[in-house]
1. Roughly speaking, what is the stretch gain from Leu367 to Ala222, that is 0.36 nm per residue apart minus the C-alpha to C-alpha distance, in nm to one decimal?
2. So between Arg61 and Asp399, what do we pick up on full extension, going 0.36 nm a residue minus the alpha carbon distance?
3. Straight distance only, please: which lysines reach the Cα of Lys179 with their own Cα at less than 19 Å, same-chain residues fewer than 8 apart left out?
4. So if R0 is 22 Å, what FRET efficiency would Ser48 and Lys95 give, r being the distance between their Cβ atoms, rounded to the nearest 0.05?
5. List the residues, sorted by chain then number, that are 5 or more residues from Phe141 or on another chain and whose placed amide H is less than 5 Å from its amide H.
6. Length gain on complete extension for the stretch Asp137 to Asp390, per 0.36 nm per residue less the alpha carbon to alpha carbon distance?
7. Using a cut-off of 28 Å between alpha-carbon atoms, which lysines can reach Lys88, once sequence neighbours fewer than 8 places away in the same chain are excluded?
8. Testing the spin-label approximation: label points 7 Å from Cα along Cα→Cβ at Glu35 and Asp188. State their distance in nm.
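Please treat every number below as a calculation from the coordinates, not as lab data. Model, not experiment: these values are computed from the prediction. Using ideal geometry, Cβ is built from the backbone for each residue, glycine included, and neighbour counts are taken over all protein chains shown.
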Amino acid sequence: MTQESQLTRLGLFDARVPRYTSYPTAPHFAPGLGERQFSEWIASIPASSRISLYLHVPFCRRLCWFCACRTQGTLSDEPVRAYAETLKAELALLKRHLAAGVTLSRLHWGGGTPTLLPADLIRDLSDTIFSTVPLGDGAEFSVEIDPNEIDPARLDALAAAGMNRASIGVQDFDPEIQKTIGREQDYDLTRRVADMIRARGIRSLNADILYGLPHQTRSRIADSVQKLLTLTPDRVALYGYAHVPWMSRRQQMIPSDAMPTPEERLGLFETARQLFTWDGYQEIGIDHFAQPSDGLAIAARTGRLRRNFQGYTDDTAPVLIGLGASSISRFPQGYAQNASATAEHTKAIRAGHFSTHRGHVFAGEDLLRARIIEALMCDFRVHRAELLADFDTTPERLDSLFQTAADAFPDMVDVSPDGIAIPPGSRPLTRMIARAFDAYDQSRALHSAAI
Ligand SMILES: C[S@@+](CC[C@H](N)C(=O)[O-])C[C@H]1O[C@@H](n2cnc3c(N)ncnc32)[C@H](O)[C@@H]1O
Ligand code: SF4
């Protein structure tokens, strides 16, 4: 059996396997956790500590067919302005519960497309954020930028507000692929936007590209990666395209018969991976690359890489608060999620309370399993001694957890007195192996039984 077919048999390309940006994953949050619990958790944040904020903008000017994000299209600024008012009211609520002296470690604006906020709203919102929680020393402020939805005025406003990291969506430069996925964006435009960002002194540029797209071949992805390298991004996210037309109806516009086979997908990832590493990029976790001097690369080399809802991060703040519709917050005590629908979220905030409607309170082995999953996703290994030092567990319990994963993936994981590790040849299976530690994912049992 070839390595490709063995990996495929083990479920490598199952789009339903979580990306483990949290544990438990969001589909396992329960209803019932509400604004009272959320407010208490905010009030328990120690004075003068550091937290991070995520601000979600669920609007886009265009709706790309490939995109699986929950977002709504709008041609007018009216709903965006109304939404910004809601965010400001949400920040006022946050301020009411937050202890004095708390500062920001990271601020991230994501979506959707946060850059469809007009320049005056960017100023207004950032002022409100920083009067609620000021940026701390060395803080990072990052924004997701659609190159088609940005101009000098908005970039000036973002730079003046303190944005010091930008992330641009590229996906692929091939015109036929772009047409098929409903996302046209030529190289010259992307290059111009990258130059405009750098001209404003933004020191870090990330780019998102995708493998596994319809009509993508090894030579086409090689061409796209080479074009991307001419922009010298500091970081690259190389995501596997998740084709889930049963969840994301826009994807029904994409012909399923143009999709690469699982084996071809693996080849596409390998081609891109080799080009990035040949060019001096360091591999980070399962799907990122960064210049060796970049903070994420340094964190990966020094064992400080973490995983949160935005993917990989070197942020060490113990609390991440999500603002806006559907955003998720993480506290040492658990997770809390805002109402998903914008209208429902707005209604709650306008009525003077948070829209928290579901979440999870950590219990039992949650934090132990979360640590194992995060370590596998970040470092491909877990040290037994660290788990024994940090958690109320026993060597026998760890043996049993490790052995369950080893049994589900024979010859694909290394269990030793030091702990458990995923060797390089098995790394395409990392999410599947992490799932062996997920006590909430019922499909895991079915999966193990099927192989
Ligand atoms: C939330 S989007 C925001 C990007 C920004 N609006 C833009 O278009 O440039 C962030 C990233 O999610 C990734 N993404 C969206 N849909 C995806 C899918 N179906 N599979 C994998 N990644 C996807 C894309 O790489 C995209 O750049
Ligand atoms: S890729 Fe970006 S612009 Fe396109 S629909 Fe998704 S969030 Fe909106």
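1. The Leu367-Ala222 span can extend by a further 48.2 nm.
2. Here the answer is 116.5 nm.
3. Lys227
4. Given R0 = 22 Å and the Cβ-Cβ separation, E is 0.90.
5. For Phe141, whose amide H was placed from the backbone, the distant partners under 5 Å are Leu107, Asn164, Arg165.
6. Taking Asp137 through Asp390 to full extension adds about 88.2 nm, to one decimal.
7. Lys347
8. My value for the distance between the label points is 5.1 nm.
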